[in-house]
Amino acid sequence: MPLQIPLNIDEQIRKLNQLSESNTDLAKELYIKSIFAREFKKTLPSLNGEGKDFERILFGLETVGYDLTKRSSIEALPEHASIPWKKLIWPAYRLRRTLSFLSGDQDDFNLRIRLVFKETLNGLLSHRQPELRLRLKDIDLSSPASSSLSWDEYLEIEIKRAFLLTVRKFKGYSDLDLSAKIISHLRSKQQDNEAALHDIEDPVTKQLSAIRTLALYNCAKAVELTNDFVRGAAGGGLRRHKTTSRGIKDEIDRFIFNAREITSGFDPLFRKELGQLEQACHCLIDASVFSLTLPRNVRNFVTDLASRDADNPVLELWFAQREAINSRLLDLTRTAMVISMPTSTGKTLLAELAIIQAHDDDPESHIVYLAPTKALVTQVSLTLKKDLQKQGLKVRVATPAFELNPVESEILKSDFDILVTTPEKLDLLIKSDHESVGDLSLVIVDEAHNMADKERGAGIELLLATLRRERECRFLLMTPFAENAKDLSIWLGDDQGAHVILDWKPNDRLIGVFTKGKKVRYRDERSLMFRTLDSAHSDCPSDVEFDLGTVPAKTTNKKLLAIEGVKKWASVKKGGVLFLAASRNKAVERAKSLAKSRRQSDKSRSVDLVCRFLDTEAGGKHPLSGLLKKGVAFHHAGLSPEARYFVERLVEDGSISIICATTTLAQGVNFPLSAAVIEDYHRRFQKKGLWQYEEIMPWEFWNIAGRVGRTLKDSLGTIAFISTGYKDSSGIKDIDNIREYLKKDASIIVSSLIDTLKTLQNEKIIFNTELIRNNRSLSAFFQYLIHALAVAGKEEVSRELENLLRSSFVFLEAQKESQALADRLIRLARGYVDDLVGKKGSRLRGFAKVADGTGFSSPSVDLIFASWKDRVSPKEWSPRTLFHVDGTPDDILSEAMETLGKIPEIRLGSDEPGIFDPVRIARITTAWVNGASLFEIAKLEFKNDLLECTRHIYSTISSLVPWGLRAIQKVAFSGRDDVEWEEMDMIPAMVLHGVRSKEAVALRMLNIPRFIAENMANHVRSLNIPLNKVDEWLAETSPVDWSKFVPRSSTVTGPEFKLLWEIIDGQKPWRII
């Protein structure tokens, strides 16, 4: 029965979707099975006659899909109509992709080119360029068609080969140049081969060949025009375009029209393919960076990215990037732009375009890029330095810590354009009224979904609210998921906000479970099975099973299934495999277990150098060193920032194939992963010596999942959970619990204060530290109000309180939920201000100015006032007296630690087992500042547990203690004129960096490793080098000069240390090792 096509557009799409659904699901299944079969060297699945059904449904999908897509491109469809490429061409692409994989003789060059060509046409219209380019790398496009073919057949294959090369763009311009040579070669052979047409005896064959030849000449010209444009040869590239993208497309249309007219009445399928080629050429031109209409400086930047001299020229933008630009990302009248796009879709490049435009518009102002973690701050700063330095933009990093020492303060006053830091550090700079953030043109918030985080979310939200009130700047928020992006854009930009929400991925993603298979008869083995599960972000039907081969018969529990699964993936995947563990200890244990079965390799120079660095940093044999030599690593808070950075680079360069990690990866670090194994979607952590167990937040999981499947490296990102068939106390199987977990989507960003408001609904509120301890988000809220009181005074705050609250996202969210909830927020704020007025009276504004910028709420500041105000002298609070050279803890330092243990914002010691011991914390801090190695501190304080010692140092000592000491000294010595603030403000910095001199602090801020910083600092002092010139001196020192600073026990040489420093500092690429 012929296919009935209804007239209504949406009905056409619905009908075709309904008819194609089962075939599309089968195509997805066969495609996934094909990839698994190739990876595990098994027999490819068979179409079993399904090819004819695919072709039948393809005719309807492509006929209607291409027609509607063309009409939608000229706005000839009703506004409410469905998106035809997504609803019709994408399913058609999946069908063509499977046919191309499994149909016919794969060794028949001509057949393969024709099949892949049809697949590519659909792939371009469904915006699958990353996947297509990777797919085409498997096709040999370097060899020409056989010369034994007739001229028209030879023309067809060579034109299609030229087109496929234009799509592939392998090795930058190599493919594009070869494509141009193919067309040129055809032109040179034209005259001789046309003469052969006269020798054809059969008049019908002769006429058909002549018609096809003339039509193909027009096709060749269309492909040539497309190729010229894509490689910047049509009019000289971005800088001097003589022919616009629209003009080129008009010319292509003319040649394709000629070809279709020539073949009219002869070959309808050929004419259909011509029309598809026309639209595919349009897609290539639209995706080209040379099609962008951009401001001058942005255009120069894109020209540099697309340069033939670039390592990896950027010649096209992904669909998600184009949609963001088309949504007026670069429109300066848009005061807020919120981009919700999955991980690995190119948000960083969009941020760079926005940065250049903002700088071009207002070169005297500064741009701030906010990242949630120190690791991401480092990664982003290196990327921006590499990409933007050619544009003359200077990137500066503000140390991601809640302290501001005189050295850093002076550095931040120097010339720069872009400041990269964390939200907490920007909050400190704003409240300190630092000149570096006085005039801002653009604030970029990466991983903006952290606004919903229970611990930090309120601080980020209210920082943005402060900026919204106090700075005339634009906002760019970037997140992998925010269905309420429109709400966020309205909050920050009112009617001048804009948003773009896209669920587009550069390649397919597969989610499933490892399960134990049947035992192999007469052998101590069983099969390992992988079973697909359904989720909102998976690209394969549920309950498809694959046999991944045999594993030991004892592989029946969760741990062993996960370990054997990782081994299987690592043996076939080209990129890194992630083992997501429930805790730091388990990550280390699993890494050791996986390393046992692997051979040690001594061939990698980068691995050898990193191992020696780790041993030198620790002051002994680091537990990670031996694992790295076997291609295995762990990555968690028990590693120093430098160690984590080096592990990330080793994964990136392929030296490490297995990485065992915790959810620290969720915070945006760009790991190139091919697959992930989730041993448990819960995390285990200790609190006061007791193990706690909680489910990983959906946004954390989906953010990690988004990093699996490397763009232009992996055709498939594969994620596996573990199912043993275990039933919980309710009788529910573990696989069913996993299914339920996968239904949870990180869809919206909700203010973390909303839940707090609801919790306090029926409580009598007493504004003390206990309130903060039980409701952490209130600290940021009270600090927001304190800042307003410090800036404007109580009269104005009381009068403008509701307007002050309207600047916050929580007010907008509360009002949307109910006016009663919004009123409750107003009452809470008014009650807090009234309580402060009652307690402080005329001293309120002075108190607010002291409290503002401590990072603490007023109840915590009150606690410090009571314990420390005018209690110690400046002489007693100095580096020499606080940090005894003999290592004994100072009484005053111990008392300070005791105070910090009571501050709810810091919760010093809350994660440590046993009773909180402030003297021990003071002792560890003193050893750290005095230069003790990690091994020495671990031996004395952590029962030789180096990793636990490292975690404590970097998550407590160098993170929380500097913040607390800064607040204490700010409160204790406020209003005094006998204080040498320049020296005192170095104290928190010394704790942060683990050194005891201001010169060493300056060097640590310039990324000099801690264990050579003091030796180098002595040399800086002996040469009387000003601290603001230390960076220049470092650049001028020869590699040999560094040898004099290296500890005697170090196995890393001076020249190697300088090389590593230049890499960490972004001066040289990692591959130089």
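Any read-out appearing in this document is the output of simple, stated calculations on the displayed coordinates, not a laboratory observation. Note that this is a predicted model, so its numbers are computed, not measured. Cβ sites come from the backbone with ideal geometry, for glycine too, and all protein chains shown count toward neighbours.
A compact table of results
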read-out: Long pairs among 41/573; 41/629; 42/554, criterion Cα-Cα beyond 20 Å; value: 41/629; 42/554
read-out: Acute angle (nearest 10 degrees) that the helix 245-262 long axis makes with the longest principal axis of the chain, alpha-carbon atoms; value: 20 degrees
read-out: Considering only the chain, percent of DSSP beta bridges that pair antiparallel, nearest 5; value: 30 percent
read-out: Loop GluC sites (Glu not before Pro), segment 25-76, which have at most 11 other Cβ atoms in a 10 Å radius of their Cβ (DSSP); value: 75
read-out: Under the Karplus curve 6.51 cos²θ - 1.76 cosθ + 1.60, θ = phi - 60°, whole-Hz ³J(HN,Hα) for segment 824-841, x wherever Gly or Pro sits; value: 5, 5, 5, 5, 4, 5, 5, x, 5, 5, 4, 5, 5, 4, x, 7, 9, x
read-out: Per residue Cα convex hull volume in Å³ - calculated over segment 318-501; value: 109 Å³
read-out: Non-local Lys pairs in segment 753-853, i.e. 8 or more apart or on different chains, that have alpha carbons under 16 Å apart; value: 6
read-out: Burial order of peptide ranges 199-207, 324-332 (average beta-carbon count within 10 Å, highest first); value: 324-332, 199-207
read-out: The chain - percent relative contact order, Cα under 8 Å, separation 6 or more; value: 9 percent
read-out: Distance between segment 628-659 and segment 747-795 - C-alpha centres, whole angstrom; value: 40 Å
read-out: Long-range HN-HN contacts of residue 509 with modeled amide H, under 5 Å; value: 539, 717
read-out: Along each principal axis, Cα extent of segment 838-936, largest first, Å; value: 51, 33, 20
read-out: Of 206/249; 160/221; 347/630, pairs whose Cα-Cα distance is over 24 Å; value: 206/249; 347/630
read-out: Distant-in-sequence amide H partners of residue 442 (H built 1.01 Å from N, under 5 Å); value: 368, 474
read-out: Distance from segment 119-195 to segment 992-1028 (C-alpha centre basis), Å; value: 58 Å
read-out: Sum of -39500 (n - 2.57) over DSSP H runs of 4+, divided by residues of the chain (222 nm, nearest 500); value: -16500 deg cm²/dmol
read-out: Per-residue HN-Hα couplings for segment 215-224 [Karplus 6.51, -1.76, 1.60; θ = phi - 60°; Hz; x = Gly/Pro]; value: 5, 5, 4, 5, 4, 4, 5, 4, 5, 4
read-out: Radius, Kirkwood style, for segment 508-743 when every pair of distinct Cα atoms is counted (Å); value: 18.3 Å
read-out: 10 °C / 1.306 mPa s Stokes-Einstein diffusion coefficient of segment 929-999, Kirkwood radius on C-alpha pairs, µm²/s; value: 119 µm²/s
read-out: Residues of type aspartates and glutamates that residue 70 reaches as a straight line, Cα spacing below 15 Å, ignoring anything fewer than 8 places off in the same chain; value: 62, 79, 250, 253, 273, 278, 286
read-out: In order through segment 853-867: 3J(HN,Hα) via Karplus (6.51 cos²θ - 1.76 cosθ + 1.60), integer Hz, x for Gly, Pro; value: x, 7, x, 10, 6, 4, x, 5, 5, 4, 4, 5, 4, 5, 8
read-out: Relative exposure of 839, 630, judged by other C-beta atoms within 10 Å (fewest first); value: 839, 630
read-out: Centroid-to-centroid separation of segment 365-409 and segment 273-344 [C-alpha atoms, Å]; value: 25 Å
read-out: Contour minus Cα-Cα distance for residue 770 and residue 886 (0.36 nm per residue); value: 38.0 nm
